[in-house]
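Read the figures in this text as sums done on the coordinates, not as results from a lab. Here the structure is a predicted model, which is why all the values come from computation and not from measurement. With ideal geometry, Cβ positions are generated from the backbone for all residues, glycine too; neighbour counts draw on all protein chains shown.
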Amino acid sequence: MSFRELHFDWLEEVIVPAIAWFFNTPLDQDLVARNAAERTIVANIYSKANAVFSQKRGGNQDLDDLVIDIEYNRNGENSKEVFGKCDFCNKQDCFIKQEHLQYTTSSPDMIIHHRGFNDNNQVVIEFKKVSNRNKKERDDDKAKLIYFSCQQPFPDHENENYQYHIGFFIDLDIDRYFVTTYRDTHSDETITRQGGKWL
């Protein structure tokens, strides 16, 4: 399975406006300052991303079947599992291989996808608060983004091959955030956004 190639900038057209809305709403921004639970913060960003995406979807047939979900743990009728296809991969320099990660279930923080299918997995996002320096949690998120964005085949298990078009690791601070982009197991240099612009 794979994603459909869309001429749509998910980061700039959905994610950035949603996070800007979040930071420009004092009661929401206060959640980061108070060190509220990650799920609470993500739920607030989700509600804004969903509103932004609903506006973008209007009139764009390419987006009709896509939805945004948070903590989505399903793959069709089954649980969403990760690291299964790593046994078939010979990329020894892959972070997942180096960490000897084992097959497990997963619920990404936020995804944009065709629910119930793996024919158009567009975006997978993991969020963290800058205040959370737990290395294991951060490495787990990195591994998930590598796996979900991996474009390698999964012999005899293509219905379990997610192949998301793009992944984002978003690190939230009180007045700024940091984005690392993942594509086919590789990550770009982290970029910072503050005050409505990239630094």
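Order of 8-14, 121-127, 32-38, 163-169 by packing, highest average Cβ count within 10 Å first?
Numbers: 8-14: 16.1, 121-127: 24.4, 32-38: 13.7, 163-169: 22.9.
Taking the mean over residues of other Cβ atoms within 10 Å, the ranking is 121-127, 163-169, 8-14, 32-38.
When we measure straight from the Cα of LYS80, which lysines land under 20 angstrom away, once same-chain ones fewer than 8 places off are left out?
LYS97, LYS142, LYS144
Normalised by the residues of the chain, what does the relative contact order come to in percent, with Cα pairs under 8 Å and at least six apart?
21 percent.
What's the whole-number percent of alpha carbon pairs in the range 56-142 lying beyond 21 angstrom?
On the way: 1658 of 3741 pairs.
Looking at the range 56-142, the distances longer than 21 Å represent 44 percent of pairs.
Based on the Cβ-Cβ distance from LEU199 to ASP69, what FRET efficiency comes out when R0 is 41 Å, to the nearest 0.05? Write out the running numbers ahead of the final one.
Values: r = 31 Å, r/R0 = 0.74.
That gives a FRET efficiency of 0.85.
Rounded to two decimals, what ratio of Rg to Rh does the range 10-198 give with C-alpha atoms and a Kirkwood Rh?
0.96
Of all beta bridges DSSP finds with both residues in the chain, what is the antiparallel percent, to the nearest 5?
DSSP beta bridges in the chain are roughly 80 percent antiparallel.
By counting other Cβ atoms within 10 Å of each Cβ, how are CYS94, CYS150, CYS86 ranked from fewest to most?
CYS94, CYS86, CYS150
Please figure out what share of the DSSP beta bridges in the range 121-199 is antiparallel and state it in percent, rounded to the nearest 5.
That works out to approximately 65 percent antiparallel.
Where the centre of each part is set by its Cα atoms, how far does the range 46-93 sit from the range 128-157, in angstrom?
Distance between centres, Cα-based: 14 Å.
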